[in-house]
Amino acid sequence: MLERRPFGNTTFSVSVVGLGAGQVGENDVTEAEAAEVLNGALDLGVTLIDTAASYGLSEERIGRHLGRRREEFVLSTKGGPKINGQPDWSPGSVLATIERSLRLTQSEQIDIFYLHSCPIEILRRGDLQDTLDKAVAAGKIGVAGYSGDNEPLAFAVESGRFGSVETSVNIADQWNLRHVLARRPELGVIAKRPIANAPWRFPDRPSGHYAELYWERLQALRLDPGDMDWAEFALRFTAYAPGVHTAIVGTAKLAHLRQNITATSRGPLETGVLEGIDRAWRDIGSDWAAST
Ligand SMILES: NC(=O)c1ccc[n+]([C@@H]2O[C@H](COP(=O)([O-])OP(=O)(O)OC[C@H]3O[C@@H](n4cnc5c(N)ncnc54)[C@H](OP(=O)(O)O)[C@@H]3O)[C@@H](O)[C@H]2O)c1
(Lines give C-alpha, C1' and ligand atoms only; values in the text may rest on other atoms or scores of the structure.)
Protein backbone atom coordinates (compact mmCIF):
# COMPACT_ATOMS: atom_id res chain seq x y z
CA MET A 1 0.00 0.00 0.00
CA LEU A 2 1.16 3.51 -0.78
CA GLU A 3 2.65 4.99 2.38
CA ARG A 4 0.66 7.76 4.08
CA ARG A 5 2.03 10.37 6.40
CA PRO A 6 0.52 12.84 8.84
CA PHE A 7 0.66 16.22 7.14
CA GLY A 8 2.42 18.37 9.73
CA ASN A 9 0.06 19.47 12.47
CA THR A 10 -2.99 19.37 10.22
CA THR A 11 -5.63 16.66 10.47
CA PHE A 12 -4.73 15.34 6.99
CA SER A 13 -2.96 12.18 6.06
CA VAL A 14 -1.24 12.34 2.67
CA SER A 15 0.25 9.73 0.38
CA VAL A 16 3.99 10.02 -0.09
CA VAL A 17 3.34 10.36 -3.84
CA GLY A 18 0.72 12.97 -4.64
CA LEU A 19 -0.62 13.91 -8.04
CA GLY A 20 0.53 17.21 -9.50
CA ALA A 21 -2.48 18.05 -11.63
CA GLY A 22 -0.87 20.81 -13.70
CA GLN A 23 -0.66 18.52 -16.74
CA VAL A 24 -4.28 17.38 -16.24
CA GLY A 25 -5.29 20.94 -17.08
CA GLU A 26 -3.60 21.08 -20.46
CA ASN A 27 -5.72 21.39 -23.58
CA ASP A 28 -4.02 18.55 -25.41
CA VAL A 29 -4.94 16.12 -22.63
CA THR A 30 -8.32 14.59 -23.46
CA GLU A 31 -11.21 14.29 -21.03
CA ALA A 32 -10.79 10.52 -21.12
CA GLU A 33 -7.09 10.79 -20.21
CA ALA A 34 -7.87 13.25 -17.42
CA ALA A 35 -10.58 10.96 -16.05
CA GLU A 36 -8.25 7.98 -16.20
CA VAL A 37 -5.34 9.54 -14.35
CA LEU A 38 -7.51 11.27 -11.73
CA ASN A 39 -9.55 8.18 -10.90
CA GLY A 40 -6.53 5.94 -11.30
CA ALA A 41 -4.63 8.03 -8.78
CA LEU A 42 -7.27 7.48 -6.11
CA ASP A 43 -7.52 3.79 -6.98
CA LEU A 44 -3.74 3.49 -6.47
CA GLY A 45 -3.97 5.06 -3.02
CA VAL A 46 -3.01 8.66 -3.80
CA THR A 47 -4.68 10.92 -1.22
CA LEU A 48 -3.31 14.33 -2.23
CA ILE A 49 -4.08 16.11 -5.49
CA ASP A 50 -2.55 19.50 -6.18
CA THR A 51 -3.95 22.00 -8.63
CA ALA A 52 -4.17 25.77 -9.10
CA ALA A 53 -6.50 28.38 -10.50
CA SER A 54 -3.88 28.98 -13.19
CA TYR A 55 -3.69 25.36 -14.42
CA GLY A 56 -6.05 25.61 -17.37
CA LEU A 57 -8.78 23.00 -17.15
CA SER A 58 -7.35 21.28 -14.08
CA GLU A 59 -9.74 22.47 -11.37
CA GLU A 60 -12.83 21.93 -13.47
CA ARG A 61 -11.68 18.45 -14.50
CA ILE A 62 -11.05 17.51 -10.89
CA GLY A 63 -14.62 18.60 -10.15
CA ARG A 64 -16.05 16.82 -13.16
CA HIS A 65 -14.26 13.52 -12.72
CA LEU A 66 -13.79 13.34 -8.96
CA GLY A 67 -16.70 15.38 -7.62
CA ARG A 68 -18.36 12.19 -6.41
CA ARG A 69 -15.15 10.92 -4.80
CA ARG A 70 -14.30 14.20 -3.12
CA GLU A 71 -14.07 12.71 0.38
CA GLU A 72 -11.33 10.32 -0.79
CA PHE A 73 -8.58 12.90 -1.22
CA VAL A 74 -7.01 16.03 0.16
CA LEU A 75 -7.29 18.82 -2.38
CA SER A 76 -4.74 21.59 -2.53
CA THR A 77 -5.15 24.51 -4.84
CA LYS A 78 -3.50 27.86 -5.29
CA GLY A 79 -4.53 31.33 -6.29
CA GLY A 80 -3.16 34.77 -6.85
CA PRO A 81 -3.50 37.78 -9.09
CA LYS A 82 -3.79 37.92 -12.86
CA ILE A 83 -5.28 34.45 -12.77
CA ASN A 84 -8.54 34.06 -14.58
CA GLY A 85 -9.50 37.65 -14.17
CA GLN A 86 -8.43 38.22 -10.57
CA PRO A 87 -6.75 41.62 -10.91
CA ASP A 88 -4.43 41.99 -7.93
CA TRP A 89 -3.25 40.71 -4.56
CA SER A 90 -6.17 42.25 -2.73
CA PRO A 91 -8.15 40.32 -0.11
CA GLY A 92 -11.15 40.53 -2.42
CA SER A 93 -9.26 38.88 -5.27
CA VAL A 94 -8.03 36.08 -3.04
CA LEU A 95 -11.54 35.46 -1.71
CA ALA A 96 -12.89 35.46 -5.28
CA THR A 97 -10.35 32.87 -6.39
CA ILE A 98 -11.24 30.67 -3.40
CA GLU A 99 -14.93 30.86 -4.35
CA ARG A 100 -14.09 30.01 -7.95
CA SER A 101 -11.98 27.01 -6.90
CA LEU A 102 -14.78 25.76 -4.64
CA ARG A 103 -17.22 25.93 -7.52
CA LEU A 104 -14.96 24.40 -10.17
CA THR A 105 -13.70 21.55 -8.02
CA GLN A 106 -17.22 20.86 -6.70
CA SER A 107 -15.95 21.09 -3.15
CA GLU A 108 -17.58 22.27 0.05
CA GLN A 109 -14.12 23.12 1.32
CA ILE A 110 -10.67 23.56 -0.22
CA ASP A 111 -8.50 21.49 2.09
CA ILE A 112 -5.34 23.55 1.55
CA PHE A 113 -5.29 26.90 -0.19
CA TYR A 114 -1.93 28.39 -1.13
CA LEU A 115 -1.03 31.96 -1.96
CA HIS A 116 0.61 31.17 -5.31
CA SER A 117 4.12 32.68 -5.55
CA CYS A 118 3.04 35.68 -3.51
CA PRO A 119 5.89 38.25 -3.38
CA ILE A 120 7.50 39.02 -0.03
CA GLU A 121 6.35 42.67 -0.03
CA ILE A 122 2.75 41.51 -0.26
CA LEU A 123 3.30 38.95 2.49
CA ARG A 124 4.71 41.72 4.71
CA ARG A 125 1.35 43.53 4.53
CA GLY A 126 -0.23 40.71 6.51
CA ASP A 127 -3.76 41.34 5.27
CA LEU A 128 -3.85 38.23 3.08
CA GLN A 129 -2.92 36.09 6.06
CA ASP A 130 -5.89 37.68 7.89
CA THR A 131 -8.06 36.94 4.86
CA LEU A 132 -7.03 33.28 4.88
CA ASP A 133 -7.67 33.04 8.63
CA LYS A 134 -11.20 34.31 8.02
CA ALA A 135 -11.65 31.81 5.18
CA VAL A 136 -10.58 29.03 7.56
CA ALA A 137 -13.01 30.29 10.21
CA ALA A 138 -15.79 30.37 7.61
CA GLY A 139 -15.02 26.79 6.58
CA LYS A 140 -14.13 27.76 3.01
CA ILE A 141 -10.61 26.41 3.37
CA GLY A 142 -9.11 23.92 5.80
CA VAL A 143 -5.51 25.12 5.98
CA ALA A 144 -3.87 28.38 4.90
CA GLY A 145 -0.75 27.78 2.84
CA TYR A 146 2.08 29.56 1.10
CA SER A 147 3.52 28.32 -2.18
CA GLY A 148 6.86 29.72 -3.24
CA ASP A 149 10.61 29.58 -2.80
CA ASN A 150 13.71 31.25 -1.41
CA GLU A 151 13.36 34.38 0.77
CA PRO A 152 9.57 34.73 0.48
CA LEU A 153 9.24 31.10 1.54
CA ALA A 154 11.56 31.71 4.50
CA PHE A 155 9.51 34.75 5.47
CA ALA A 156 6.25 32.80 5.21
CA VAL A 157 7.63 29.96 7.31
CA GLU A 158 9.05 32.25 9.98
CA SER A 159 5.81 34.20 10.21
CA GLY A 160 3.94 31.27 11.71
CA ARG A 161 0.83 32.32 9.77
CA PHE A 162 0.67 29.26 7.51
CA GLY A 163 -0.09 25.61 8.22
CA SER A 164 1.50 24.33 5.03
CA VAL A 165 3.99 25.23 2.33
CA GLU A 166 4.46 24.00 -1.23
CA THR A 167 7.95 24.48 -2.54
CA SER A 168 10.53 23.20 -5.03
CA VAL A 169 12.56 20.23 -3.76
CA ASN A 170 14.51 17.91 -6.03
CA ILE A 171 18.02 16.64 -6.78
CA ALA A 172 18.75 19.85 -8.70
CA ASP A 173 16.97 22.24 -6.33
CA GLN A 174 17.88 21.98 -2.67
CA TRP A 175 17.96 25.55 -1.33
CA ASN A 176 14.50 25.36 0.26
CA LEU A 177 15.24 21.96 1.71
CA ARG A 178 18.55 22.96 3.22
CA HIS A 179 17.74 26.50 4.36
CA VAL A 180 14.05 26.60 5.24
CA LEU A 181 12.17 23.36 5.70
CA ALA A 182 14.00 22.20 8.82
CA ARG A 183 12.88 25.29 10.73
CA ARG A 184 9.21 24.45 11.27
CA PRO A 185 8.55 20.71 11.45
CA GLU A 186 4.89 21.30 12.30
CA LEU A 187 4.20 22.52 8.75
CA GLY A 188 2.65 20.25 6.15
CA VAL A 189 5.13 20.24 3.25
CA ILE A 190 4.43 19.50 -0.42
CA ALA A 191 7.47 19.09 -2.66
CA LYS A 192 6.70 20.56 -6.07
CA ARG A 193 8.71 19.78 -9.23
CA PRO A 194 9.92 16.66 -7.37
CA ILE A 195 11.67 14.99 -10.32
CA ALA A 196 13.17 18.26 -11.58
CA ASN A 197 10.89 18.29 -14.65
CA ALA A 198 12.56 15.11 -15.93
CA PRO A 199 15.35 16.95 -17.82
CA TRP A 200 17.13 13.69 -18.75
CA ARG A 201 14.58 13.21 -21.53
CA PHE A 202 16.48 15.89 -23.49
CA PRO A 203 19.81 14.73 -24.95
CA ASP A 204 20.62 18.34 -25.85
CA ARG A 205 19.97 21.56 -23.97
CA PRO A 206 16.20 22.21 -24.17
CA SER A 207 16.59 25.93 -24.88
CA GLY A 208 13.64 27.93 -23.64
CA HIS A 209 11.94 24.88 -22.11
CA TYR A 210 10.71 24.91 -18.52
CA ALA A 211 13.24 22.12 -17.75
CA GLU A 212 16.28 24.01 -19.10
CA LEU A 213 17.64 25.24 -15.78
CA TYR A 214 17.43 21.80 -14.20
CA TRP A 215 18.98 20.25 -17.34
CA GLU A 216 21.93 22.60 -16.94
CA ARG A 217 22.26 21.87 -13.23
CA LEU A 218 22.22 18.11 -13.74
CA GLN A 219 25.00 18.45 -16.31
CA ALA A 220 27.04 20.35 -13.75
CA LEU A 221 26.29 18.06 -10.80
CA ARG A 222 27.29 14.91 -12.74
CA LEU A 223 25.09 12.69 -10.59
CA ASP A 224 24.98 9.00 -11.38
CA PRO A 225 21.71 7.08 -10.86
CA GLY A 226 23.54 3.76 -11.13
CA ASP A 227 21.13 0.87 -11.83
CA MET A 228 18.05 3.02 -11.27
CA ASP A 229 16.25 4.92 -13.95
CA TRP A 230 16.47 8.67 -13.48
CA ALA A 231 12.84 9.11 -12.44
CA GLU A 232 13.25 6.60 -9.62
CA PHE A 233 16.55 8.12 -8.51
CA ALA A 234 15.09 11.63 -8.47
CA LEU A 235 11.83 10.69 -6.80
CA ARG A 236 13.29 8.57 -4.03
CA PHE A 237 15.54 11.52 -3.15
CA THR A 238 12.62 13.93 -2.85
CA ALA A 239 9.96 11.69 -1.33
CA TYR A 240 12.24 10.81 1.59
CA ALA A 241 13.93 14.19 1.99
CA PRO A 242 13.70 15.40 5.60
CA GLY A 243 10.63 17.56 6.15
CA VAL A 244 8.85 16.54 2.93
CA HIS A 245 5.45 14.87 3.37
CA THR A 246 4.37 14.35 -0.21
CA ALA A 247 6.02 14.62 -3.62
CA ILE A 248 3.56 15.73 -6.28
CA VAL A 249 4.94 14.40 -9.54
CA GLY A 250 3.20 16.11 -12.43
CA THR A 251 1.73 13.85 -15.06
CA ALA A 252 -1.46 13.12 -16.95
CA LYS A 253 -0.24 9.61 -17.72
CA LEU A 254 -1.46 6.87 -15.44
CA ALA A 255 1.44 4.61 -16.48
CA HIS A 256 3.93 7.21 -15.23
CA LEU A 257 2.06 7.66 -11.98
CA ARG A 258 2.07 3.91 -11.45
CA GLN A 259 5.83 3.76 -12.09
CA ASN A 260 6.37 6.59 -9.63
CA ILE A 261 4.44 4.79 -6.92
CA THR A 262 6.36 1.56 -7.51
CA ALA A 263 9.68 3.42 -7.43
CA THR A 264 8.82 5.21 -4.20
CA SER A 265 7.79 1.97 -2.52
CA ARG A 266 11.47 0.92 -2.74
CA GLY A 267 12.17 3.41 0.05
CA PRO A 268 14.84 6.03 0.59
CA LEU A 269 18.04 6.00 -1.47
CA GLU A 270 20.91 4.19 0.17
CA THR A 271 23.17 6.20 2.45
CA GLY A 272 26.13 6.07 0.05
CA VAL A 273 23.99 7.37 -2.79
CA LEU A 274 22.66 10.21 -0.63
CA GLU A 275 26.20 11.08 0.40
CA GLY A 276 27.17 11.35 -3.27
CA ILE A 277 24.26 13.73 -3.93
CA ASP A 278 25.18 15.76 -0.86
CA ARG A 279 28.83 16.02 -1.92
CA ALA A 280 27.91 17.13 -5.42
CA TRP A 281 25.56 19.75 -4.03
CA ARG A 282 28.09 21.14 -1.58
CA ASP A 283 30.84 21.23 -4.21
CA ILE A 284 28.83 22.64 -7.11
CA GLY A 285 25.31 23.71 -6.15
CA SER A 286 25.55 25.37 -2.76
CA ASP A 287 25.06 28.87 -4.23
CA TRP A 288 22.08 27.90 -6.36
CA ALA A 289 18.81 29.56 -5.38
CA ALA A 290 15.60 27.63 -5.73
CA SER A 291 13.81 27.75 -9.04
CA THR A 292 10.33 29.22 -8.70
N1 LIG B 1 3.39 26.19 -6.78
C2 LIG B 1 4.01 26.38 -7.91
O3 LIG B 1 4.38 27.49 -8.26
C4 LIG B 1 4.29 25.18 -8.77
C5 LIG B 1 5.24 25.25 -9.79
C6 LIG B 1 5.52 24.10 -10.52
C7 LIG B 1 4.82 22.94 -10.24
N8 LIG B 1 3.87 22.91 -9.26
C9 LIG B 1 3.12 21.66 -8.94
O10 LIG B 1 4.02 20.58 -8.91
C11 LIG B 1 3.59 19.56 -9.82
C12 LIG B 1 4.80 18.87 -10.39
O13 LIG B 1 5.70 19.80 -10.97
P14 LIG B 1 6.16 19.69 -12.48
O15 LIG B 1 5.17 18.96 -13.26
O16 LIG B 1 6.54 21.06 -12.88
O17 LIG B 1 7.53 18.87 -12.36
P18 LIG B 1 7.91 17.34 -12.07
O19 LIG B 1 6.84 16.64 -11.37
O20 LIG B 1 9.27 17.35 -11.46
O21 LIG B 1 8.11 16.75 -13.55
C22 LIG B 1 7.01 16.52 -14.37
C23 LIG B 1 7.54 15.89 -15.65
O24 LIG B 1 8.00 14.59 -15.34
C25 LIG B 1 7.51 13.67 -16.28
N26 LIG B 1 7.30 12.39 -15.60
C27 LIG B 1 6.46 12.10 -14.58
N28 LIG B 1 6.59 10.81 -14.21
C29 LIG B 1 7.52 10.28 -15.03
C30 LIG B 1 8.10 8.98 -15.14
N31 LIG B 1 7.74 7.98 -14.35
N32 LIG B 1 9.05 8.79 -16.09
C33 LIG B 1 9.43 9.79 -16.91
N34 LIG B 1 8.92 11.05 -16.85
C35 LIG B 1 7.97 11.28 -15.92
C36 LIG B 1 6.23 14.26 -16.78
O37 LIG B 1 6.05 13.85 -18.10
P38 LIG B 1 4.70 13.15 -18.59
O39 LIG B 1 3.73 14.27 -18.71
O40 LIG B 1 5.15 12.55 -19.88
O41 LIG B 1 4.33 12.13 -17.57
C42 LIG B 1 6.47 15.76 -16.69
O43 LIG B 1 7.02 16.24 -17.89
C44 LIG B 1 2.74 20.31 -10.85
O45 LIG B 1 1.83 19.47 -11.52
C46 LIG B 1 2.04 21.29 -9.95
O47 LIG B 1 0.97 20.64 -9.28
C48 LIG B 1 3.62 24.00 -8.51
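Here are the numbers for this structure:
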{"read-out": "Neighbourhood net charge (10 Å Cβ-Cβ; Lys/Arg +1, Asp/Glu -1) for residue 35", "value": "-1"}
{"read-out": "Within the accessible area of segment 152-285 (1.4 Å probe), percent carbon and sulfur", "value": "50 percent"}
{"read-out": "The chain, Cα convex hull volume normalised per residue, Å³", "value": "126 Å³"}
{"read-out": "Residue among 66, 274, 102 with the largest mean-square fluctuation in a Gaussian network model of the chain, springs linking Cα atoms under 10 Å", "value": "274"}
{"read-out": "The chain - percent relative contact order, Cα under 8 Å, separation 6 or more", "value": "20 percent"}
{"read-out": "Rounded percent of accessible protein surface that carbon and sulfur make up, segment 106-147, 1.4 Å probe", "value": "46 percent"}
{"read-out": "Debye intensity ratio in log₁₀ form over the Cα atoms of segment 76-212, taken at each q of 0.09, 0.19 Å⁻¹", "value": "-0.29, -1.09"}
{"read-out": "Overall form of segment 1-131 per C-alpha gyration tensor (a/c, 1.5; a/b vs b/c)", "value": "oblate"}
{"read-out": "Å² per residue, accessible surface of segment 4-285 at 1.4 Å", "value": "42 Å²"}
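The values are calculated or read from the model by the stated rules, or taken from the named source; none is laboratory data. The model shown is predicted, which means the values in this text are computed figures rather than measured ones. Quick reminder, even Gly has a Cβ in these numbers, built from the backbone with ideal geometry, and neighbours come from all protein chains shown. Note: accessible area is taken over every heavy atom of the protein model, side chains too, but ligands, DNA and RNA are not part of it. Shrake-Rupley method; radii C 1.70, N 1.55, O 1.52, S 1.80 Å.
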